[in-house]
Structures are given as C-alpha cells and as structure tokens.
Amino acid sequence: MVVILEKEGSKRCALEATNIEAFTQKTFLDLIKDSHNRKCDYYIARVRCLSKMESLKGAGFNVSGVYYCYDARQLCKYVFEMVISADGRRIRIKNFKDPIQQRTISELNFFRLRYETDTPLRAEYVGNHIDFLESNCFRSKLFYKEDPLDALTVNFNFKKNQKIPIFSKKQIFSLFITIIFILLLSTFLVIALEKDRHILNPIYALKSKLMV
C-alpha cells in the first residue's frame, strides 16, 4: 500500500505505508489506522535535506527527489521548542536537521490524511514549518487534543546578572526633594541663628558696661 503525498505545483511523492516510522517504530499504516479509528486526521511531516556539497558551501541545491517522512507530532517535538523569556512564550526552531541523516533541512512540509474520505491514503498538503511557528491554530490541528505548548521542550531565556534597582525612579526623585528641603531648612536656621547672635552681642556688651 502506498500513501500519495500531494502538493500543488510540485510532483507527487509516494510513501510505502508499510515503512517503519523512525520515532514511534510503528508502520505508517498502523499509525494512520489508529488515528482514523479514533476519528482523527493523521498528519505526516515530509523533510527534504540539503546535499552534502550544499551543506559544506552553505548554498547550492537540494538532494534531488529524496524525501524523508515522519510522524508530524514527533518530528515537531524534535525540531521545535518553546522559549520562555521576559517577553512571554514563543515557539522557535531548536534543531533544523533531519534526525536520521543529520543534514540541514531545506524543506519541511506537513500533509493530512483525512479520516472522513473515500481515499484515506491520499495525503493533502496543509502547511510548512513557517505555519507551525506562526499559527497556534495550525499547531493545535497537528497535536489534536495535546497542547503543543506542553508537548514541546521548554527553554528559559532570561538575561543573566540582570541588575535590579534598589530604588525606583519615583523613590529617587522623592529622596532628592527631601534632601533639598532639609538643606534649605538647615540654611535658613543657620542664617536665623547668625542674625540672633548679632542682635544679642551689643545687648550683652551694654549690660557688661553698666555692671562695671
């Protein structure tokens, strides 16, 4: 039995349904049947890799006509991760290499095999890795009842040695105003005392003369 993967504008790709899926170690046929028995669509991830020459040069061409297929959910757990930072949560690429060939992925597409159809082994194109990164709705379809944010590995990305200010700007401003007020008050008190001393000195001098 053969699964036909169809994408508009490209050649059809045939996958032998009895092939073993690398992550689950089950045949694709068993995985498809299990999903359809649960009345769920089944998703296949199709990977195309860069050639060895392209990997060395950093540019060039794809491995012509060579594709690798995986269970979509399992491959997503391998390729993507959830990053938690001060800005919140987001999905990013963790490892953009084929898990078996260990070559850089040049193309990652997802195909759906509907359970409500007369052609259950016909897989239709539904999106690529960009759609997975940008669309929560797309991720939810691939993972079905499993939350993709819980299924993916988590990476915390907080800045190290981030200095936390002891005082806020508002507190610093209030402290500055308080210091200025104390300095002004002290200055006025000193001036007032100096004036009183100048006034009292002649009086004390006059009293001394009278006593003499």
Close pairs (8 angstrom Cβ cut-off, 6 or more residues apart or separate chains): under 24 Å from Val154 (Cα atoms) and in the same structural domain as Ser140 (by TED's automatic domain parsing) in the stretch 95-114, among the small types (Gly, Ala, Ser) and assigned to a strand (DSSP E or B) anywhere: Leu108/Ala45; Asn109/Ala45; Asn109/Gly127; Phe110/Ala45; Phe110/Gly127
Some residue of the stretch 125-133 being surrounded by fewer than 17 Cβ atoms within 10 Å (Cβ to Cβ), of a type in the set (Phe, Trp, Tyr), touching a residue at least 12 places away in the same chain (Cβ under 8 Å) and closer than 26 Å to Cys40 by Cα: yes
Test: residue in the stretch 77-86 that is at pLDDT below 85, in a loop (DSSP other than H, G, I, E, B) and closer than 26 Å to Gln25 by Cα: no
Where a residue in the stretch 14-35 is touching a residue at least 40 places away in the same chain (Cβ under 8 Å) and under 16 Å from Tyr67 (Cα atoms) and its partner, wherever it lies, is of a type in the set (Val, Ile, Thr) and part of a strand (DSSP E or B), with Cβ under 6 Å and at least six apart: Leu15/Val3; Ala17/Val3
Residues (under 18 Å from the mean Cα position of the chain (by Cα) and hydrophobic (A, V, I, L, M, F, W, C)) located in the stretch 122-138: Ile130, Phe132, Leu133, Cys137, Phe138
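The values are calculated or read from the model by the stated rules, or taken from the named source; none is laboratory data. In this text, all values refer to a predicted model and were calculated from it rather than measured experimentally. Note: ideal-geometry Cβ built from the backbone for every residue, glycine included; neighbour counts use all protein chains shown.
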